[in-house]
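Each remark here refers to the structure printed beneath this line.
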Amino acid sequence: MVKNEDTLLVNRLKKGERKAFDELVNKYKKRIYYLAYSLTNNHADALDLSQEAFIKVYKSIHRFRGRSSFYTWLYRITVNICLNHLKKKAKRKEISFDERIEVAQVDWWSNPKKALENKELQENLTRAIDSLPPQQKTVFTLRHLEGLSHKEIASILGCSIGSVKANLFQALQKLRNRLKGYVEG
Amino acid sequence: MISCRKVKRWTVDYLEGTLSEKKKFLFEEHLSKCSRCAQEIETLVKTQKLVRLKVREEMPETFWAHYLPRLKRRLEEKPLPRLAWRPVPALALATATALVLLVVAAISLLRTPSLNLENLPREVLVEEVMASNSELDYFIAESFEPEEIAQALLPREILNSLVNNNQEFTL
Ligand SMILES: [Zn+2]
């Protein structure tokens, strides 16, 4: 259903119908914005980069052949734009990925609901995820924050499922090391 | 018994519950005999549960209402300047002017002792600031504190002179 609806919209857009573009943007703006936000951890960047992705869709829709679904294509464009941005940023600023975050004792384990409202914990989670290398952060975000399957992620990133799993494993290990105070003892 | 290396390779599928029954059995058998892997997996399980507790702050509906119009302006290549933490010279003159108006309006609101801003809803404040200059994008006013914008973008001496000369801009 969703796929058909997108195909119709894409076809209308290819014929030059601006309204079809509006509909696609309105349908996907939240997902694309939050994806960019998860990757950049910055609202101004997320707005800028997510809109850049839609502009790219608009300008290169004639090159979309429908071999993958529209949203896979859209995600791929967004992820590539964000990855480029992150790589440029990483070059400017060397971050230590293994630096450990010092934490106050929080009993999140026996009371997960409280963790949702614990501001310090939430900030530390954001910091830990944000410190991952771009590729690992992307795979991790698509899996755990966007809920995509390994296969979908592989298709979006143009890599193998094995590589997706390897990135997930490394990301999780790094997060564990950074968040040791929460998960050990 | 399977090797520790194999345990590593199967970990993601184990954590996500996608290992076959047979592999899961072998995996757990290894954990029951290898305390190093058992400890490793235990902390990874906890980490995965922990990161899933991360909540995302939602953007307000007004932000979404402005998303498409803003995108269309960009498509028509009349982009609104992007607001970032950079010094004034990097901004186009028009933006700087627009910002100065916002900042002045905001500062006059924030610093006029007769106005008690603490009791004023933020949306009202933002709307007031927006109403003073239609060129400014809603997002700019929405996402950053006016004082933050001012301090990040404008040199101290300009700020001072603005504060001293802001009467005509008072909302
Ligand atoms: Zn072992």
Cross-chain or 6+ apart pairs with Cβ under 7 Å, segment B:22-43 first and open to solvent by 80 Å² or more (accessible area, probe 1.4 Å), then near the ligand (Cβ under 9 Å from one of its atoms) and not in a helix (DSSP H, G or I): B:Lys33/B:Met1
Search result, residues across segment A:103-135 that are more than 10 Å from chain B (Cβ to nearest Cβ), in contact with a Leu (Cβ under 8 Å, 6 or more places away or on another chain), at pLDDT 90 or above and open to solvent by less than 40 Å² (accessible area, probe 1.4 Å): A:Leu132, A:Pro134
Subset tally (residues that are within 7 Å of chain B (Cβ to nearest Cβ) and modelled with pLDDT of 90 or more) for segment A:174-185: 3
Extreme residue, most open to solvent (accessible area, probe 1.4 Å), among residues of segment B:7-21 that are part of a helix (DSSP H, G or I), more than 9 Å from the ligand (Cβ to nearest atom) and within 14 Å of chain A (Cβ to nearest Cβ): B:Arg9
Residue match in segment B:37-52 (condition: at pLDDT 90 or above, aliphatic (A, V, I, L, M) and part of a loop (DSSP other than H, G, I, E, B)): no
Selection within segment A:1-37 - among the small types (Gly, Ala, Ser) and in a helix (DSSP H, G or I): A:Ala20, A:Ala36
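The values are calculated or read from the model by the stated rules, or taken from the named source; none is laboratory data. Fair warning: this is a prediction, and the values are worked out from it, not measured in the lab. As a convention, Cβ positions derive from the backbone with ideal geometry for all residues, glycine included, and neighbour counts pool all protein chains shown. Heavy atoms of the whole protein, side chains included, go into the accessibility calculation; ligands, DNA and RNA do not. Shrake-Rupley method; radii C 1.70, N 1.55, O 1.52, S 1.80 Å.
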